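Enquirer: I am attaching a structure below and will ask some questions about it afterwards.
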Amino acid sequence: MTRMSEKGKLVLYTGCSGVGKGTIMKELLKRDPSIRLSVSNTTRKPREGEIDGVHYNFVSREDFIRLADADGYIEYAEYCKNLYGTPKKQVEDMLAQGCNVFLEIEVKGGLQVMEKFPDVLSIFILPPSVAELERRLRERGTETEEVIKERLSEAENELKVASQYKYQVINDDLDHAVEEVLSILHQHTNNII
Ligand code: 5GP
């Protein structure tokens, strides 16, 4: 078990691709100034509108692996042929400042985090149904058909892990889902900055 010198709460925040977790996250950041989102490193190419250092740190595979070898990640995983990882240093700094730090990551990384930090607050965002997930993923229009199929197949595996998270929140209504996540967070923290 690993301990970080934390004043803030570490929150594991997972949901399948297309479930709307990014949209919920944007609202959480607006509504609660104690929340910070950890910026991951990824070897995926930026999508249109994504900014390096804001949405992700877009890095080469070589640089990614170099940091992994230096034990610089809290967790990392391969997802649909790309590497994604949570840099340790920034998360430790934000927790030490008393922020509640959300790790918006997929399940393989999520399981690593639960193992290292058993008292992490874990929240899984569920779609109302798999059909609805597929509809949202297509409507978003950011991925090719091949990638959509890969992501849907990942989603089926991911949904099997959802029950290992302490909380499950169904995203059927944005406002409702946001309020539910905030209410869970506030049950576990007393530091609303
Ligand atoms: P996307 O390519 O859609 O931005 O992300 C694909 C998946 O990777 C999403 O489920 C996202 O939450 C997850 N992800 C993003 N950053 C990380 C990370 O640092 N570690 C892990 N394990 N997954 C991540």
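The values are calculated or read from the model by the stated rules, or taken from the named source; none is laboratory data. All of these numbers come straight from a predicted model, not from anything done at the bench. Positions of Cβ are generated from backbone atoms using ideal geometry, with glycine treated the same way; all protein chains shown enter the neighbour counts.
Enquirer: Gly20 passes all but one of (1) under 24 Å from Asp93 (Cα atoms); (2) within 13 Å of the ligand (Cβ to nearest atom); which number fails?
Expert: Condition not satisfied by Gly20: (1).
Enquirer: Of (1) touching a Gly at 6+ places or on another chain (Cβ under 6 Å); (2) of a type in the set (D, E, K, R); (3) surrounded by fewer than 20 Cβ atoms within 10 Å (Cβ to Cβ), Lys116 satisfies all except one. Which?
Expert: (1)
Enquirer: Filter region 74-85 for residues that are near the ligand (Cβ under 10 Å from one of its atoms) and either of a type outside the set (Val, Ile, Thr) or loosely packed, with under 13 Cβ neighbours inside 10 Å (or both) and give the result.
Expert: Hits for region 74-85 are Glu75, Tyr76, Ala77, Glu78, Tyr79, Cys80, Asn82, Leu83, Tyr84, Gly85.
Enquirer: Moving on to the next point. With respect to Ala155, determine if the residue is small (Gly, Ala, Ser), at pLDDT below 95 and closer than 16 Å to Tyr79 by Cβ.
Expert: yes
Enquirer: Only residues that are in contact with a helix residue (DSSP H, G or I) (Cβ under 6 Å, 6 or more places away or on another chain) and more than 25 Å from Val147 (Cβ to Cβ): list them for region 73-99, please.
Expert: The one that is in contact with a helix residue (DSSP H, G or I) (Cβ under 6 Å, 6 or more places away or on another chain) and more than 25 Å from Val147 (Cβ to Cβ): Ile74.
Enquirer: Next question. Given (1) in contact with a Phe, Trp or Tyr (Cβ under 7 Å, 6 or more places away or on another chain); (2) within 28 Å of Ala162 (Cβ to Cβ), where does Lys9 come up short, assuming only one miss?
Expert: That leaves (1) as the condition not met.
Enquirer: How many residues does region 18-37 contain that are modelled with pLDDT of 95 or more, of a type in the set (Gly, Ala, Ser) and surrounded by 20 or more Cβ atoms within 10 Å (Cβ to Cβ)?
Expert: 0
Enquirer: Has region 53-73 got any residue that is under 16 Å from the mean Cα position of the chain (by Cα), surrounded by 19 or more Cβ atoms within 10 Å (Cβ to Cβ), near the ligand (Cβ under 9 Å from one of its atoms) and not basic (Lys, Arg)?
Expert: yes
Enquirer: Can you pull out every residue in region 6-21 that is within 15 Å of Glu139 (Cα to Cα) and hydroxyl-bearing (Ser, Thr, Tyr)?
Expert: Hit for region 6-21 is Ser17, nothing else.
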